[in-house]
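To keep things clear, I will list the structure first and then write my remarks on it.
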Amino acid sequence: MTDQAQLLPGTLDLLILRAVSLGPLHGYGILLRIGQISANALLIEQGALYPGLFRLVRQGLLKANWGTSENNRKAKFYELTVAGRKRLEEETASWNRLAGAIAAALSPQPEEV
Amino acid sequence: MRVFDALRFRMATLFNRSRLRDEMEQELRSHIAHRADDLERQGMSRAEAERRARIEFGGREKYKEQMHAAQGGHFMETLWQDVRVSVRTLRKSPGFLTAAVLTLALAIAANAVVFSVLNAFLLRPLNVTHPNSLYQLQHANEASSYQSYPDYIDLRDRNRSFDSVMAFTADEVGLDTARAIHPRFGLRRPVGTTLTRWAWSHFWGIFITLRMSMGRTARHTLC
């Protein structure tokens with residue numbers, strides 16, 4: 001567990017949007033999906049997911065509906081709205097720009113070699 | 001429409017608070033049950049799996065509080081609480097309430113008086129009966145609005161369209177305040193006018209000059 005990275009502020013929303021971009025999921029399913037697509041490299045408190053979900057619903061990026069889960073339990077399923085899909089695309093592009101810039105800044109410079 | 005939706009949602013969070021809380025509780029319980037299902041599949045007993053899942057999840061109340069805040073539910077609640085606290089506090093100290101209400105009333109009254117005076121004397125158009133039937137005469141083929149005095153006499157004597165015709169002229173003059181010379185508009189007696197006519201123009205001129213110094217010009221000049 002110790003080799004898991006802490007999330008940067010603001011990245012949880014992006015991960016949630018990404019996780020539900022493949023289809024509607026309930027909260028626990030979103031956690032599993034994030035674990036799956038990040039190869040379990042990120043540490044997310046289970047409960048911390050829910051304030052994030054409620055925030056995204058309020059912003060109109062997700063919509064929620066009660067349904068029945070694969071375990072035959074009642075669960076609230078979240079899916080992307082049109083605005084959510086647009087936001088995911090924008091945030092992904094902006095994240096890639098930022099990550100690229102940081103990686104370039106941290107890579108060995110010619111004068112160091 | 002989104003504003004309406006948001007408002008309705010906030011009212012809902014205020015009045016259906018317990019229902020929304022129940023729904024949050026249900027959702028978190030569902031999460032814990034799913035986690036327990038997974039742990040059970042890994043070989044734990046159901047009771048042990050459920051216990052483990054609850055411990056992993058942590059304090060539900062804390063998260064429900066955060067969910068409620070993330071929904072924006074705190075806004076209406078705190079507003080309502082603030083209103084209630086204010087009413088209670090004011091009831092407890094009627095002296096303070098009276099002083100506050102009187103202070104506000106006086107301040108509002110003073111402001112209203114000052115503004116209505118300013119409005120009546122400075123901001124309103126010239127105080128004539130029908131400001132919208134006040135026109136400035138100008139020759140159609142001339143860029144300047146200046147007319148010669150004989151033209152004015154002709155206009156005045158042959159006028160059938162207007163109740164009356166009046167001439168005036170405005171000039172820029174220097175106002176010496178010992179420190180600097182400020183440009184101001186002043187009135188000049190038109191060449192050849194009689195003294196009464198000049199005094200009449202001058203009377204309007206005072207208003208026009210005043211209004212010009214206030215940064216406004218007359219909408220129509222009297223002719």
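Read-outs: derived from the displayed coordinates by stated rules, not from any lab. Because the structure is predicted, anything quoted here is derived from the model rather than measured. Cβ atoms come from the backbone with ideal geometry, glycine included; neighbour counts cover every protein chain shown.
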By counting other Cβ atoms within 10 Å of each Cβ, how are B:LYS64, A:LYS86 ranked from fewest to most? A:LYS86, B:LYS64
Residue-wise, which Karplus ³J(HN,Hα) couplings in Hz belong to region B:41-57, taking 6.51 cos²θ - 1.76 cosθ + 1.60, θ = phi - 60°, and x for glycine or proline? 5, 7, x, 7, 6, 4, 4, 5, 4, 5, 4, 4, 4, 5, 5, 4, 5
Exposure proxy ranking, count of Cβ atoms within 10 Å, fewest first, for B:THR98, A:THR92: B:THR98, A:THR92
Quick one: which residues, 5 or more positions from A:LEU42 or on another chain, have an amide H under 5 Å from its amide H? H modelled 1.01 Å from N in the peptide plane, none for Pro or chain starts. A:ALA5
Length gained if B:ASP5 through B:ARG91 is fully extended, taking 0.36 nm per residue and subtracting the Cα-Cα distance, is 27.4 nm
Explain nothing, just compute: Karplus ³J(HN,Hα) = 6.51 cos²θ - 1.76 cosθ + 1.60, θ = phi - 60°, for every residue of region A:87-102 in order, whole Hz, x for Gly and Pro. 4, 4, 4, 4, 5, 5, 4, 5, 5, 5, 4, 5, 4, x, 5, 5
Report, by chain and number, residues whose modeled amide H sits under 5 Å from the one on A:LEU62, excluding near sequence neighbours (fewer than 5 apart, same chain). A:VAL57, A:THR81
What value in Å³ per residue do you get for the convex hull of the alpha-carbon atoms in chain A? 124
